[in-house]
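Below: the structure, in structure tokens.
The values are calculated or read from the model by the stated rules, or taken from the named source; none is laboratory data. Quantities reported herein were computed from a predicted structural model and do not represent experimental measurements. Cβ coordinates were reconstructed from backbone atoms using ideal geometry, including for glycine residues, and neighbour counts include every protein chain displayed.
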Amino acid sequence: MLVILFGMPLSGQAQTEEPDTTAPRVEVAPVEIVDSSGDVVDEVKTYDTDPVNYFSEIEYQDEYPKIHARQARPGAVQDEKKEKAFWYADLAPDGKKPADEENESIDIRPPRTRLTDQTWFQSILWIIIIGGFATCIAIYLSSNNVGIFRRKNVQMAMDGDGEIPEDIFAINYQQEIEKARQAGNFRLAVRLHYLRMLKLMSERQVIRYTQDKTNFDYMMQLQGGRYYEDFFRITRDYEYSWYGQFPVTEDMYELIRHDFDRMEKELSKY
């Protein structure tokens, strides 16, 4: 009997707390948790999680859900583009965000190049460099009597000394040398000795003589040979006396003539 009496209040309380599922409700009143002193310790809110109260009924067309397309209000797209979050809306795909969207515009001008990077400037610079180098080479060759600026080997006699044929093989050297000695023109006599030496070396095929070659060319042909030192000595005497226009006395002439005679003897040995 006691068991029945104690059990009745418990069952009645449980019956009163059972939720009514027949009526939909969204939010349930909060449940307060109190301690032994009567103070509220925590408050718990509970929500209705029944899908019937949160989702509209799905419409079907045949066996597929029916989809309704929504229309944006007029001007909605432009309003969205004005937002800072959508700064890239009107830029190219690889565009970068400007440093200041409000004040900085996109610069579409081509990048500036330095003057030294311009093609026409580089061309002018190379022309100046090449022209300056060519000028230096021309001055050097002209001052050293080399190449196209060199003097002709065979020239006409100057200063009223009488004309000498340019063909060194057509000159009567013995007669012309004697005439120059008697006239006291020892510079011309040295010149005639030198031309005769070129004729003798050409006849013995020691050098390859042509009128457009210089004395330096003939020394290069003899370089390393047995005649180089003797020819170098008489060429130096000839250049000083004839082209340098140094006065030649009779004693100086005899010394120079001795060098020519010695080289002629060397040529006659072979």
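Side notes on the structure shown:
- Pair list, Cβ < 8 Å and 6+ apart or interchain, from the stretch 238-250 residues that are among the acidic types (D, E) to residues that are surrounded by 12 or more Cβ atoms within 10 Å (Cβ to Cβ) and not in a loop (DSSP other than H, G, I, E, B): E239/N215; E250/F186
- Residue list for the stretch 241-253, restricted to those being among the aromatic types (F, W, Y) and either at pLDDT below 90 or loosely packed, with under 15 Cβ neighbours inside 10 Å (or both): Y243, F246
- Scanning the stretch 118-153 for residues that are polar (S, T, N, Q) and either modelled with pLDDT of 65 or more or loosely packed, with under 11 Cβ neighbours inside 10 Å (or both) yields Q118, T119, Q122, S123, T135, S142, S143.
- Scope the stretch 225-248; condition of a type in the set (S, T, N, Q) and more than 15 Å from M197 (Cβ to Cβ); matching residues: Q245
- Entirely in the stretch 159-270, the helices (runs of 4 or more DSSP H) that have 3 or more residues that are charged (D, E, K, R) and within 54 Å of the chain's Cα centre (by Cα): 228-238
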